[in-house]
Amino acid sequence: MAQVFRPSANTIAKASIFFLMVLTIAGLCGLDLIHRSPYVRYTHRPKEQPVPFSHKHHVNMGIDCRYCHTTVEESASANIPSTRICMNCHSTIWKDSPMLEPVRESWQTGKSLEWNRVHDLPDFVYFNHSIHINKGIGCVTCHGPVDEMPLVHREKPLFMKWCLECHKAPEKFIRPQEEVFNMDYKEPKNQLELGRKLVKEYHVQNENNRLTDCWICHR
Amino acid sequence: MICLVSGSLLLFGNGCELRKRMYDQPKYEPLEQSDFFGDARSARALVEGTVPRGHLNEDMHLYEGKINGAFADTVPFPITKEVLKRGQNRYNIYCAVCHDRAGYGNGMIVQRGFKRPSSYHIDRLRKEKPGYLYDVINRGFGSMPSYSHQLNPEDRWAVVAYIRALQLSQSATLEDVPKQEREKLLTEKQ
């Protein structure tokens with residue numbers, strides 16, 4: 001009877017185990033890379049919106065973030081402006097622009113405009129705007145140069161690592177409170193020195209690296 | 001082998017599904033779309049004709065700027081430096097886009113075609129009562145929209161106080177400057 005397995009089968013078997021392992025690891029790494037890729041994290045890609053609202057135009061006219069994002073200083077959510085806020089101005093100016101048709105329709109029918117979310121953390125993460133705003137973290141630090149975006153995109157991938165980077169050392173990013181809404185603020189050369197001073201002054205509570213405790217964000 | 005592969009695929013698939021459900025839980029986040037309510041809003045408006053507990057807003061002075069039906073000539077709480085600072089801050093966010101930071105009515109939005117408001121520094125507006133200014137913010141005036149949904153009553157009064165400060169600042173004379181400061185001003189000028 002002929003042999004089913006030749007002696008070389010041993011090597012093939014060993015090699016195939018090895019290749020299978022490599023393949024699995026490569027596959028897992030690949031999955032992880034995809035998971036972290038800018039494509040999946042949706043960075044730098046504007047989303048389709050019902051109205052092509054341009055931050056670049058509106059912010060550069062000197063409209064403050066808080067004119068529209070009214071609750072950013074006192075609550076967890078920044079608030080997306082209601083149709084009424086758009087109509088403050090657009091009932092009178094550019095009132096015939098075809099681009100604004102959905103806004104007028106929403107105003108007349110009372111149906112909400114359905115904006116698509118650009119930033120969206122998983123629901124098991126707790127985030128709060130007011131604490132960051134009141135402790136001197138600028139909008140730019142997390143959202144990038146919104147004032148230059150014709151359509152907002154996600155500047156940061158919003159990984160947990162990213163939150164922790166700052167929570168470990170807020171002094172690297174903190175700025176004077178009156179500069180939080182300033183989109184053109186430049187970090188001074190002595191950021192660390194100033195940062196340490198501001199961390200004390202604003203009572204940033206980070207004794208024993210408290211801000212990296214899991215319960216801070218997963219509560 | 002097939003069992004192992006299909007088993008792990010099943011686990012993986014299940015895991016993904018479970019993870020997705022953790023990412024998007026059945027709770028509503030602020031302003032999230034609802035597929036339960038007909039108008040798709042998860043934030044519900046009050047039933048018409050109802051008043052939330054503690055919001056009867058009976059204080060006509062604070063909420064409407066009126067005393068016995070006439071515009072009040074006082075602000076309903078003491079004006080401190082903090083109140084003025086708050087007023088300045090809110091004014092620069094919500095009003096300066098049209099009225100400009102000094103109140104002459106030459107803001108950016110006006111330059112882009114919005115109706116030009118009167119300057120705050122005309123005689124008529126200087127003499128108007130605080131209650132009248134409050135009423136303009138509260139209910140709007142002509143083509144100016146109401147700001148009652150962007151400013152709470154305390155902030156509206158703070159803005160009124162700040163407008164008064166602006167009006168004073170634009171008609172101030174040397175006599176209004178405290179004595180010690182006056183000397184400093186005069187020496188600086190030379």
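Every number in this text was worked out from the coordinates using simple rules, so none of it is lab data. A quick note: this is a predicted structure, and the numbers were derived from the prediction, not measured. Don't worry about glycine lacking a Cβ; one is built from the backbone with ideal geometry, like all the others, and counts go over all protein chains shown.
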Expressed as a whole-number percentage, the relative contact order of chain A with C-alpha contacts under 8 angstrom and at least six residues apart is 23 percent
Rounded to the nearest 500 deg cm²/dmol, what is the calculated helix-only ellipticity per residue at 222 nm for the protein assembly as shown, with -39500 (n - 2.57) per DSSP H run of length n ≥ 4? -13000 deg cm²/dmol
Could you tell me how far the Cα centroid of the stretch A:143-195 sits from the Cα centroid of the stretch A:1-28, in Å? 52 Å
If packing is taken as the mean number of other Cβ atoms within 10 Å per residue, what is the order of A:210-217, A:20-27, A:98-105, highest first? A:98-105, A:210-217, A:20-27
For all pairs of alpha-carbon atoms in the stretch B:74-172, what percent lies in each bin of width 5 Å, listed from the first bin to the last filled one? 3, 14, 25, 29, 21, 7, 2, 0
Which of the aspartates and glutamates could a cross-linker bridge to A:LYS168, judged by Cα under 18 Å and excluding same-chain residues fewer than eight apart? A:GLU193, A:GLU201, A:GLU207, A:ASP213
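Let me confirm one metric for peptide A:118-124, namely the mean number of other chain beta-carbon atoms within 10 Å of its residues' beta-carbons.
4
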Going down the list B:LYS81/B:LYS127; B:LYS66/B:LYS129; B:LYS81/B:LYS184; A:LYS186/B:LYS85; A:LYS56/A:LYS161, which pairs span over 21 Å between their C-alpha atoms? B:LYS81/B:LYS127; B:LYS81/B:LYS184; A:LYS186/B:LYS85; A:LYS56/A:LYS161
At q = 0.08, 0.17, 0.18 Å⁻¹, what is the log10 ratio I(q)/I(0) for chain B, with the Debye formula run over Cα points and no solvent? -0.48, -1.18, -1.24
Can you grab the distance from the C-alpha centre of the stretch A:49-95 to the C-alpha centre of the stretch B:132-153, Å, no decimals? 18 Å
I need to check one value: relative contact order of chain B, counting alpha carbon pairs closer than 8 Å and at least 6 residues apart, in percent. 19 percent
How do A:SER8, A:SER130, B:SER118 rank when sorted from fewest to most other Cβ atoms within 10 Å of their own Cβ? A:SER8, B:SER118, A:SER130
Evaluate the Kirkwood expression for the hydrodynamic radius of chain A, namely the inverse of the mean inverse distance over all pairs of different C-alpha atoms, and round to one decimal in Å. 21.3 Å
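Given the convex hull over the Cα atoms of the protein assembly as shown, what projected area results after averaging over all orientations, in nm²?
About 33.7 nm², averaged over all directions.
Calculate, for B:ARG53 and B:LEU84, the FRET efficiency according to 1/(1 + (r/R0)^6) with r their C-beta to C-beta distance and R0 41 Å; round to the nearest 0.05.
According to the calculation, E is roughly 0.80.
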Across peptide B:23-31, how many C-beta atoms of other chains are within 10 Å of each residue C-beta, on average? 4
So between B:GLN170 and B:HIS121, what do we pick up on full extension, going 0.36 nm a residue minus the alpha carbon distance? 16.9 nm
Let me know the mean shielding of A:87-94 by other chains, meaning the per-residue number of their Cβ atoms within 10 Å of its Cβ. 5
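Counting Lys and Arg as +1 and Asp and Glu as -1, each charge on the Cβ, what is the dipole of the stretch B:74-172 about the Cα centre in debye, to the nearest 20?
So the dipole magnitude of the stretch B:74-172 works out to roughly 140 debye.
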What does a probe at A:LEU33 reach in the stretch A:147-165, counting residues whose amide N is under 18 Å from the point 7 Å along Cα→Cβ? none
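Averaging sequence separations of C-alpha pairs under 8 Å and six or more residues apart, then dividing by the length of the stretch A:31-113, give the relative contact order as a whole percent.
Worked out over the stretch A:31-113, it gives 23 percent.
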